1. On the principal axes of its Cα set, how long, how wide and how thick is segment 48-169? Give whole Å, largest value first.
2. Using R₀ = 35 Å, calculate the FRET efficiency as 1/(1 + (r/R₀)^6) where r is the Cβ-Cβ separation of ALA333 and ARG71; round to 0.05.
3. Step through the residues of segment 59-64 one at a time and calculate ³J(HN,Hα) from phi using the Karplus curve (6.51 cos²θ - 1.76 cosθ + 1.60, θ = phi - 60°), rounding each to whole Hz and writing x for Gly and Pro.
4. Going by average Cβ density within 10 Å per residue, which order do the peptides 4-10, 30-36 take, highest to lowest?
5. Enumerate the amide H contacts of VAL323 below 5 Å, restricted to partners 5 or more residues apart or on another chain; note that Pro and chain-start residues carry no placed amide H.
6. What is the spin-label model distance, in nm, from ALA118 to SER91 if the labels are put 7 Å beyond Cα along the C-beta direction?
7. Work out the FRET efficiency for GLU63 and GLU159 from their Cβ-Cβ distance, taking R0 = 22 Å, and round it to the nearest 0.05.
Amino acid sequence: MTVTYDYTGKSVLVTGGTRGIGAGIAAAFRAAGADVTICGRTPPARAEHRFVRADVRVFEEVERLISSFDRLDVVINNAGGTPPAPVNGTSPRLHARIIELNLTAPLLVSQCAYPLLAESGGAIVMIGSASGTRPSPATSAYGAAKAGLHHLSRCLAAEWAPLVRINTVIVGLTTIQPTPTQAAPTQAAPTQAAPTCGASDPDWSDRDGPGRHEPEHHGAEHHGPEHHGPEHHGAEHHGAEHHGAEHHGAEHHGAEHHGAVRHGSDRHVSGRDESNRHGSDHYGGWSNLDGRAIPAGRMATPADVAQACLWLAAPGYVTGAEVRVDGGGEIPAWTHLVSGDAGG
C-alpha cells in the first residue's frame, strides 16, 4: 500500500532545512506539491527550495523570516541540535545557546507564524528527540530543552485549538547518507561521540566578543557531511577541532550507544545495509547500531521522519500528539546482560 499526500498550493516552512533531516522533510513536501521555504544561517549547496537566511534564535530575524510570507500553511520546527556538552566543564554560554536553539527558537517561530497559520487553518510540527524522553548524559541541556519542546507543543496545541494544530515527531537514532555534493566526513576524536536525537542551524561561537569558540551546530545536521561524523564548523571542542557541525533535524547521539561495539579508526564497519554503515560513521565509530540497539533493525532515515511530518501536517483532528519515529525505541543494555551478549 502506498500513501500519498497532495500539498499543491500549500506554503510550507522548514527551519534548518538545508541539510540532514530538514532537507529530507523539505524534499518530501516539495514532492507532494508544496511551495517550500527553508531557512538557516548558511545557504544549501543546491538551490532546490526558496531559501531565507535567518538565525531562528533571534526574534528580529524570525520576524523578518515570517514577514516574507503572504500565506503559510505548515511550519516544521526542525532547527536544533547540540555538540557534546557535559555539564561539568561546559561553559554556561554554550548551555544557554543550546537551550535557545532547541526550545526558545521553536517558540519564537511558532509565535510569529501563528497569525498566518490561524488564517489558513494550518499546522506546526515540532521535531523532538528521544533525548527529551530519557536520560541524555553528556547532552543534558539538549535533552532538557527537547523535553521542554515536547511540553511546549502540547501547551500550544491546547492554547491554539481549533485554529492551529501542533504535534511532535520524537526522533530516535537517525542516519543520513551524504549527497554527491558533500565532502567526505571529518571524524571526531576517538574519545568523543557527538550527541543529538532530533533536529537544526545556529552558531555556537562566541560572536559577541573574543573568548572560547564553541561548536557550531546548524540545526540537527552536520555542516558539510550531514550527520556523518561530528564536525563542528570552525570551532574547538574539548581539544578536538570539528568543522561544520550543524544539526538540522537529525538525531545525533553519541550518548546513546546501548550495547554497541566501538571500533578504532581502522575499523571494519559491518551492518545490515549501507544505511547502518553511514550511521556508524556518524556515531563516532559505533558500528553495531542495528538490531542490538534498535528493535526495527536499523536507524531511522530522513524519509521516515518526513512521512510522519506529511501525515501530521495534513488537515485532520489530531493535535497535541507525539509520534515516535525510533524503530521501537532503544533496546535496554540489561537485555544483553541477560542474554549473555554484553561483550559485543
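Just so it is clear, none of the values below were taken in a lab; they were calculated from the coordinates. Computed from a prediction, not measured in an experiment: that's the story for all the values here. Counting neighbours? That spans all protein chains shown, and the Cβs are built from the backbone with ideal geometry, glycine included.
1. On the principal axes, segment 48-169 reaches 46, 29, 26 Å in Cα extent.
2. Step by step, r from the Cβ atoms, then E = 0.10.
3. Values, residue by residue: 4, 4, 6, 5, 4, 5 Hz.
4. Packing order, densest peptide first, comes out as 30-36, 4-10.
5. It is THR168, VAL169, ILE170, by chain and number.
6. The answer from the label model is 4.0 nm.
7. 0.60
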